[in-house]
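Engineer: Sharing a structure below in structure tokens format, with a few things to ask.
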Ligand SMILES: NC(=O)c1ccc[n+]([C@@H]2O[C@H](COP(=O)([O-])OP(=O)(O)OC[C@H]3O[C@@H](n4cnc5c(N)ncnc54)[C@H](OP(=O)(O)O)[C@@H]3O)[C@@H](O)[C@H]2O)c1
């Protein structure tokens, strides 16, 4: 497969396991230089070593994105090691198997910080570099729960809806830089005028 990603530089948050690990390995196999990220250094190192063993380029950065200083450190290390950034995939997230009776307001706040503000931190830290080079892609990992929530995990589902909303907003708010997402544009009709600019 040639996704035309050879030579690009990508940060995939939460790529020490699960879907993020799959994304980072796929990008690397396409010739993208990747930054494996998470809080677990052992696991991040293992993923990076697997990628390097297959002949691709990877390094790691460790940090808890719920904290401003950690997010700044992650961005700074990524920019230094990659020499810039082309693609940011905001994949890191936390789950909580709460129901309405269990999810106190603090739980909602904690998940909002983990799943929404973490992405906001990374967007704010990387967007200036993408603007400067007049090229960049920022992808949020949402969920079907954004629009069709389960009977449980109300706090988690709400964070995913917020991610869809902020992505739609960014299309308008930073529109001249074409920070878009085709999925959201076509499925949620964020801004039909911008659809004509995509292809
Ligand atoms: N799995 C599903 O069925 C499903 C469905 C729809 C959408 N999604 C979305 O897809 C994404 C990945 O899901 P997944 O199931 O693959 O998750 P996962 O296996 O639980 O992995 C989560 C990743 O995020 C990292 N992470 C979590 N909190 C973090 C924090 N505060 N700071 C830094 N890194 C953090 C973890 O790294 P460390 O452990 O190293 O900290 C891990 O690499 C999420 O956004 C999720 O909401 C998943």
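Every number in this text was worked out from the coordinates using simple rules, so none of it is lab data. This one's a predicted model, so the numbers in the text were calculated from it and none came from an experiment. All Cβ positions, even for glycine, are placed from backbone atoms using ideal geometry, and neighbour counts span all protein chains on display.
Engineer: Using packing as a proxy for protection, rank 1-10, 132-141 so that the peptide with the highest average count of other Cβ atoms within 10 Å comes first.
Structural biologist: Per-residue mean Cβ counts within 10 Å order the peptides as 132-141, 1-10.
Engineer: Continuing with this model, one more query. Once fully extended, how much extra length lies between residue 174 and residue 80, figured as 0.36 nm per residue of separation less the alpha-carbon to alpha-carbon distance?
Structural biologist: Value of the extension gain: 31.4 nm.
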